[in-house]
1. Label residue 127 and residue 104 with points 7 Å out from Cα along Cα→Cβ: what is the distance between them in nm?
2. Hey, what do the phi angles of the stretch 526-539 turn into as Karplus ³J(HN,Hα) couplings, whole Hz, using 6.51/-1.76/1.60 and θ = phi - 60°, x for Gly and Pro?
3. If you keep only loop residues by DSSP, which trypsin sites (Lys or Arg not before Pro) in the stretch 303-373 have at most 16 other Cβ atoms within 10 Å of their Cβ?
4. Based only on the alpha carbon positions, what is the Kirkwood hydrodynamic radius of the stretch 90-191, in angstrom?
5. Tell me, what is the percent relative contact order of the stretch 383-524, built from C-alpha pairs under 8 Å that lie six or more residues apart?
6. Just how far, in whole angstrom, is the stretch 251-281 from the stretch 1-54 if you go by their alpha carbon centroids?
7. Would you kindly state how much longer the chain becomes between residue 201 and residue 395 on full extension, computed as 0.36 nm times their sequence separation minus their alpha carbon distance, in nm to one decimal?
8. Between residue 505 and residue 424, what's the calculated FRET efficiency when r is the beta-carbon distance and R0 is 56 Å? Round to 0.05.
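Just so it is clear, none of the values below were taken in a lab; they were calculated from the coordinates. What you see is a predicted model; the values in this text were computed from it and never measured. Reconstructed Cβ throughout: ideal geometry from the backbone, glycine too, with neighbour counts over all protein chains shown.
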Amino acid sequence: MEAIEWWKKIDAISPNIKMMEMGPTDAGFPLHLVLVSSNNDLNLKSIKVKKASIIFINNGIHPGEPDGIDASMLLVKDIILKKYKLPVNIVLAIIPVYNIGGTLNRSKNYRVDQNGPEEFGFRGNSQNLDLNRDFIKMDSKEAMTFAKIFHFLDPDVFIDNHVSNGADYQHVMTLISSQHNKLGGVMGKFMKERFEPALFELMYKKGFDLVPYVNHFGPTPDEGWPQFWDSPRYSSGYASLWNTFAFVPETHMLKPYAQRVSSTKALMESFIEFTSAHSGTIQQLRAATISNQKTQIQFPIAWKWDKTRSTPINFKGYEAGYKTSEVSGLPRLYYDRTKPFEKTIQFYNNYIDTLSVTAPKAYIIPQGWWKVIDRLKANNVAMRFLSKDSIIEVESYRISGYQSGARPFEGHHLNTNVQIETSIKKISFRKGDYVIPLNQKAARFLIETLEPHGEDSYFAWNFFDAIQGQKEGFSDYVFEETASSFLKQNPDVKRRLEERKAADTSFAKNARAQLNFIYQNSPYYEPAHLQYPIYRLMK
Ligand SMILES: [Zn+2]
C-alpha cells in the first residue's frame with residue numbers, strides 16, 4: 001500500500017512523527033496509527049502530563065471517500081516542511097487508512113455518481129461490513145483494534161473524514177457534529193454554542209462556506225432538514241459515549257477532488273486552531289462530565305426529533321426543477337447550476353429525550369455471556385469477579401415484547417421496540433461471574449449497551465437472541481395429569497384459566513393452548529425464557 005509506505009518514509013525522516021502498528025484488521029494487514037507533534041514528544045503519558053490536547057483523525061472508513069487520506073498526508077507534509085505550524089499544545093493521532101480491505105478492492109466503477117479520484121476503494125471491508133455501523137457490535141477486527149486505539153488515546157476531539165451522497169448545492173464541505181442534546185450537559189451546550197459556530201467562522205475565513213450535513217428527506221434541501229442522528233453504532237456516536245467532541249466532515253461528491261481535499265485539510269486546520277485556543281476549557285468540560293457520570297442517577301437512553309425548534313442557517317443551493325426522463329418518460333429531478341441561490345433555511349438540530357433509566361450500582365453478568373464481556377474488555381471497562389458462589393438480590397428484566405428486523409442489516413436482524421417488565425429477584429450467581437460497577441468512566445457506554453431497550457444495545461444487536469427461544473416443553477398426554485393436579489393445588493391459576501376460556505372462544509376450544517397456559521403459569525416453565533441475563537445490583 002503506497003499510502004502506508006509514504007507514512008513509513010516520513011516516520012523515518014521526521015522526529016515529529018511516530019508510526020505504530022496497533023492491531024489486526026479483517027484484511028490481514030495491521031492497522032497503523034501515526035502520532036504527530038511539533039515538539040518531538042510522542043510519548044502518550046508525557047503528552048497527557050503536559051495537558052496537550054489530542055485530536056484523533058480517522059480516514060478511509062469508506063474507502064471510496066478518500067479525501068481525508070490525502071488531506072492528512074498534505075497536512076502532515078506542511079507541518080514537517082514548517083509551512084503549517086502545529087501548536088505545541090496539540091498532538092494529532094491519525095489512522096492513515098481504516099478500511100484496508102475495502103481500499104485494496106479498487107475499481108473505476110465504484111461511487112458511480114462521485115467526481116473523482118480516478119479509482120475508488122469499496123465501502124464494505126473484507127467481511128463486506130460497513131465499518132461505520134460496527135462500533136458497538138464489533139463484528140470486525142477493525143472495530144476491536146479501533147477501541148484499543150481510542151482508549152489508548154482518550155482523545156479530546158475526534159474527526160472521521162467522509163464524502164457525502166445526495167442533493168446538489170454549492171457548498172464543498174458539510175459537517176455532522178455529534179448531536180448536542182444526546183451529548184448532553186455542559187459538553188452539549190459548548191458543542192452547540194461555541195465549537196460548531198467557531199468552526200463555521202474559521203472555515204468561512206479559509207474560503208469554504210461550511211454548512212451542516214445536508215440530511216434532507218424531502219425531494220430537495222430547500223426547506224431545511226433535521227440534524228443527522230448519530231447513534232452509538234456510528235463513529236461519532238461511539239466517541240460521544242466516551243465524552244469526546246466528535247465530528248464527521250462530509251465533502252460534496254460532485255465537487256472536484258482537489259477542491260474536496262483542500263476543504264478537508266482546511267477543516268482539520270480549523271479543528272486544530274479551535275482546540276488549541278480552547279484546550280483548557282475542552283479538557284475541563286470533559287473531566288467534569290466524566291466525573292459527574294460516575295455518580296449520575298438518571299441516564300436518558302431514547303430521544304426523538306423535535307420538529308418545533310430550529311436554527312436558521314445560510315444555504316447556497318441550486319434551483320431544482322423537473323423534466324421528462326429519457327429513461328422512464330416520467331418526471332425527473334435535476335439541479336440547474338446556472339441558477340445558484342442563497343437563502344436562509346431552518347436547521348432542525350434539537351432532539352428531546354423520551355426515556356430515562358436509573359443507573360444501577362453495578363451490573364452482574366454471568367460468565368457464559370463472554371461475547372459481551374469481551375466487548376466490554378476491549379473498551380477497558382473495569383470489572384471484578386464474584387469470589388464465591390452467591391445468592392444476590394437484584395433487579396431483573398423480562399423481555400415482554402420486541403420486533404426483529406425482517407431483513408438482515410450488517411449481518412444482524414436488529415431488535416427494536418423492546419419492552420421490559422422489571423422485578424426484584426434473588427438469583428444464584430457463580431464464582432467468576434462479572435460485577436461491573438457504574439462509578440467508572442465507562443458509565444454511559446455501559447448504560448447504552450447493557451440496557452436492552454437502548455437503540456444500539458447488545459440486545460438490539462442480537463447478542464441475547466438465544467433467550468428468546470424456549471428450550472424445554474411438554475408432551476400433552478403426559479402433562480395432562482401434572483396439569484390437572486397442579487390446578488387442584490392452585491385455585492388462582494384455575495380461576496384465571498376459566499376466565500380466559502369464558503372470554504376467548506378459540507382458546508376454549510384449544511386443548512394445547514390451555515395446557516400451555518397452565519405450563520407457563522407453573523414452576524415447570526423454564527425461568528430463562530425471555531429472562532434478560534444481565535442483572536442490576538441496586539444497593
Ligand atoms: Zn461515508
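1. Spacing of the two 7 Å Cα→Cβ label points: 1.7 nm.
2. 5, x, 6, 5, 6, 7, 5, x, 9, 10, 10, 8, 9, 8
3. Numbers: sites: 304, 307, 309, 316, 323, 332, 337, 343, 361, 371; in loops: 307, 309, 361.
Sites meeting the loop and neighbour criteria: 307, 309, 361.
4. Numbers: mean 1/r = 0.0614 Å⁻¹.
For the stretch 90-191, inverting the mean 1/r across all distinct Cα pairs yields 16.3 Å.
5. Values: 160 pairs, mean separation 26.8, N = 142.
It rounds to 19 percent for the stretch 383-524.
6. Cα centres, the stretch 1-54 to the stretch 251-281: 20 Å.
7. Details: separation 194, 0.36 × 194 = 69.84 nm, distance 4.98 nm.
Full extension from residue 201 to residue 395 adds 64.9 nm.
8. Numbers: r = 38 Å, r/R0 = 0.67.
Calculated value: 0.90.
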